[in-house]
Structure formats: C-alpha cells, structure tokens
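Quick note: the coordinates plus some simple rules give every number you see, no bench work behind them. Since we're looking at a predicted model, the values are computed, not measured. Glycine also receives a Cβ, built like all others from the backbone with ideal geometry; neighbour counts cover every protein chain displayed.
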Amino acid sequence: MNAGIIGTGHYVPEKVLTNLDMEKIVDTNDEWIRTRTGIEERRIAEDDMDTSDMAYLAAVEALKDANISAEELDMILVATVTPDTPFPSVSCMLQDKLGATRAAAMDLSAACSGFVYGVITAKQFIETNTYKNILVVGVEKLSKITDWTDRNTCVLFGDGAGAAVIGPVSEGKGILSFELGADGSGGKHLLQNEDYISMNGREVFKFAVRQMPESSVNVVEKAGFNKEDVDYLIPHQANIRIMEAAREKLGISQDKMACSVKRYGNTSAASIPIALSEEVKNGKIKTDDLVVLVGFGGGLTWGAIALRWGI
Ligand code: UT7
C-alpha cells in the first residue's frame, strides 16, 4: 500500500502588505528586502481570522480536490507554531468546523518543516493499513507573533494555509522516500522569545543553505533516481537565495522550482503546501512527475520527500 497526495488546497488572506508598506513601519527598503530575500509582498490575516479559520478554508479545497467528504477522514494533522490557543488544538477545532466526526486529531510542532513531518506521519498510518484518508494542514498566522518593530524579522513573514489529503495510491506513485532530521542544539537561532519571533538570520541561513540541498539530493538517491530525473522542486519558501542553493545542487532549471516567496513571504509550515497546491492547479505539476518537497526551520528541523505525482 503506497501513500500519496490525493488532493491539495490553500488559502491566503486578501490583505497585502508590500515592501513599500514595510518602509513605513520599520527602517527598511524595497531593494534590501528584494535582493536579500526575494520577497516583494506578504499576506496578513485580519484580526477576526485566526489560524483555524485559514486551516478550514484550505482544508475544504483539499477535500473537494480529493473528492472525499469530511466524514471519510480518519485523521487530521495540523502543523503550526501559531495555534489559536495552546489547547484545544487547531486540529480539533478543524475537526469540528469540517464535521469530520470519525477523525482523530492532533497538532504537530516542527516549525517550517511541519508539513513534511505531517505528511510522513500520515504515510505511516496509511502504509500500515491503519487509516485510509488523512488530512495534513500547514498553517500559520505569523503576524500575531511578529515583532513589528524588528526589521530583522518583520519583513520576512506572512500568513496562510495549505492542505493535502494523504491516501492510498497505485504502485509506483506516491511517496518514494523521505528524510526527517533535527538538531536541537541550534534551537537558540530561531525561537519564540516571550511573545515574538527572534532569529539569528545568518546562523539559520548557513544551516539552510547546507541542509536544503543535501536533503533534496538524499531523497532523490534514496528513491533510486538521479538528480536529472527530478521534474519539480517545492522548497520551503523562506529566502530565494536558500531556494536557489537547493535548485542549483539538483541542477534543474528555474522554471522547475516553485517560487511563491515573492508574493507571500515566509509562511512557515504553510509555505510548502501553498506552493504545492498552486503548482498543481496551474498545471506545473503533472501526473508521473518526480517531485521533491524540502523544508527546514526552527528546532532546528528539516525534512524532504521524493514522490511520484498521481493516484
Ligand atoms: O523559515 C526559516 C526562517 N528563517 C530564515 O529562513 C532566515 C534565514 N536567513 C536569511 O534569510 C537572511 O540571513 C536574512 C534575510 C534574514 C538576512 O540577510 P543577510 O544577507 O544574512 O543579512 P545580514 O543579517 O548579514 O544583515 C546585513 C545588514 C545588517 O546591517 P549591518 O549590521 O551590516 O550594518 C542588518 O542590520 O542588513 C541589515 N538589515 C536590514 N536592512 C534593511 C537587516 N534587516 C534589514 C532590513 N532592512 N529589513
């Protein structure tokens, strides 16, 4: 029994904050943000829209895409570091909003790697024939833990949600290999300090430009393929320079890499599933494509997946 992605969905808030808007908030400028990060604008959720509300909108789209009802879900996994409340979990709130009465529900904390961790957790239940349909959501309302006076961090982040339904797929399709990792000794470089995100950008950058390319190549090789076989790369959307390092290591062209960081900034756990959902919908990812998902984040954590697209 192979596990694969059988439906995707995403939601981003309507409110756009451009780099020019950021210039009015902190001592920064559009040129610095664009050249250092690739970000041009980000989405910010209104006060009355919390993490579970964005998760719900992405989940509804993913269920529709997978052509299954909420009652058919066996489990809901939500990856987030910005839950509405510490408990009940966002996954339980989502279970109620969706009416997924049969589903077990839990949140998962692995920062920006959370979606990859969630998909791999879901895979275990499916491949052991324990569960059939599992909803995995990556969602963040980072704006509520952003220090809007700290130019080192506030220009980087945005809000949004991405979702995928994981289920059984035919032989040769679905998740072919994965890698998950953590290095708690680096936790001090990216954390929530009191109320806000605090980051040593240079240290996280050094870790990311080493880890993302390495993990991308590792999963391709573990799956028994060569770098040249990769059709599409979905890296965590944190910084275009880090994403480019992964792309160059795989030796693939720019048009084969998802790049939504420009429009949404870094949405942490939501960034990979948002990019995936967009690229599936705009036809960039096609049946039988070899796709690599790769992320890194606070913890420190990292994770990558090689999968053959299709059901
Ligand atoms: O999901 C994981 C989350 N985190 C990341 O992915 C972050 C990884 N790190 C990065 O993306 C980069 O390190 C940053 C984009 C955060 C920073 O880029 P950098 O090229 O590493 O810049 P830097 O930290 O070396 O800072 C260069 C200068 C500093 O000034 P001085 O000390 O050289 O005078 C900063 O104060 O840029 C200054 N600076 C800014 N200037 C204008 C920092 N933030 C800003 C800003 N606008 N927003």
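Let me spell it out: the conditions are (1) without any contact (Cβ under 8 Å) to a residue 60 or more places away in the chain; (2) within 16 Å of the ligand (Cβ to nearest atom), and residue 261 meets all of them except one. Which number is the exception?
Failing condition for residue 261: (1).
Considering only residues that are touching a residue at least 60 places away in the same chain (Cβ under 8 Å) and β-branched (Val, Ile, Thr), look in segment 50-73 and name the one that is nearest to residue 135 (Cα to Cα).
68
Let's see how each residue does on (1) aliphatic (A, V, I, L, M); (2) farther than 19 Å from residue 5 by Cα; (3) away from the ligand (no atom under 16 Å from the Cβ):
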residue: 95; (1), (2), (3): no, yes, yes
residue: 114; (1), (2), (3): no, no, no
residue: 117; (1), (2), (3): no, no, no
residue: 121; (1), (2), (3): no, no, yes
residue: 127; (1), (2), (3): no, no, yes
residue: 132; (1), (2), (3): no, no, yes
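Kindly provide the set of residues from segment 75-95 that are of a type in the set (Val, Ile, Thr), in a loop (DSSP other than H, G, I, E, B) and within 17 Å of residue 135 (Cα to Cα), ordered by number. Even if it seems obvious, please write down each step before you answer.
Taking segment 75-95 and keeping what is of a type in the set (Val, Ile, Thr), we get 76, 78, 80-82, 85, 90.
Cutting the leftovers down to in a loop (DSSP other than H, G, I, E, B) gives us 80-82, 85.
Listed by number, the list holds a single entry, 80.
Any residue at all in segment 55-74 that is within 16 Å of the ligand (Cβ to nearest atom) and assigned to a helix (DSSP H, G or I)? Spell out how you get there, then give the answer.
Here is the first cut: in segment 55-74, the residues within 16 Å of the ligand (Cβ to nearest atom) are none.
Taking every residue of segment 55-74 in turn, none turns out to be within 16 Å of the ligand (Cβ to nearest atom) and assigned to a helix (DSSP H, G or I).
Which condition number in (1) under 16 Å from the mean Cα position of the chain (by Cα); (2) surrounded by fewer than 22 Cβ atoms within 10 Å (Cβ to Cβ); (3) of a type outside the set (Lys, Arg); (4) within 19 Å of residue 175 (Cβ to Cβ) is the one that residue 302 fails?
(2) is the only condition that residue 302 fails.
Restricting to segment 136-160, what's the tally of residues that are in contact with an Asp or Glu (Cβ under 9 Å, 6 or more places away or on another chain) and more than 16 Å from the ligand (Cβ to nearest atom)?
Of the residues in that region, 1 qualify.
Here are some residues: 185, 216. Which one is more than 14 Å from the ligand (Cβ to nearest atom) and within 17 Å of the chain's Cα centre (by Cα)?
Numbers: 185 fails: within 17 Å of the chain's Cα centre (by Cα).
None of the other options fit; the residue is 216.
Tell me which residues, restricted to segment 251-278, are surrounded by fewer than 24 Cβ atoms within 10 Å (Cβ to Cβ) and assigned to a helix (DSSP H, G or I).
254, 255, 256, 262, 263, 278
Take the residues in segment 33-44 that are away from the ligand (no atom under 13 Å from the Cβ) and outside any strand (DSSP E or B); name whichever of them is nearest to residue 100 (Cα to Cα).
44
Quick one: which residue in 84, 30, 47, 107 is over 26 Å from residue 281 (Cα atoms), without any contact (Cβ under 8 Å) to a residue 40 or more places away in the chain and within 14 Å of the ligand (Cβ to nearest atom)?
Values: 84 fails: within 14 Å of the ligand (Cβ to nearest atom); 47 fails: within 14 Å of the ligand (Cβ to nearest atom); 107 fails: within 14 Å of the ligand (Cβ to nearest atom).
Unique residue meeting the criteria: 30.
Across segment 178-194, which residue is surrounded by the fewest Cβ atoms within 10 Å (Cβ to Cβ) among those that are out of contact with any strand residue (DSSP E or B) (no Cβ under 9 Å at 6 or more places or on another chain) and either aliphatic (A, V, I, L, M) or more than 18 Å from residue 113 (Cα to Cα) (or both)?
Among them, the one singled out is 194.
Got a number for residues in segment 96-122 being buried (at least 24 other Cβ atoms within 10 Å of the Cβ) and in a helix (DSSP H, G or I)?
Counting residues in segment 96-122 that are buried (at least 24 other Cβ atoms within 10 Å of the Cβ) and in a helix (DSSP H, G or I) gives 10.
So which residues in segment 1-16 are part of a strand (DSSP E or B) and without any contact (Cβ under 8 Å) to a residue 40 or more places away in the chain?
Step one: of segment 1-16, the residues part of a strand (DSSP E or B) are 2-11, 16.
Selection gives 16 alone.
When the residues of segment 195-211 are narrowed to those that are closer than 15 Å to residue 241 by Cβ and more than 10 Å from the ligand (Cβ to nearest atom), which ends up surrounded by the fewest Cβ atoms within 10 Å (Cβ to Cβ)?
Ranking the qualifying residues of segment 195-211, first place goes to 210.
May I ask you to list the residues in segment 228-242 that are farther than 15 Å from residue 263 by Cα, within 10 Å of the ligand (Cβ to nearest atom) and buried (at least 21 other Cβ atoms within 10 Å of the Cβ)?
242
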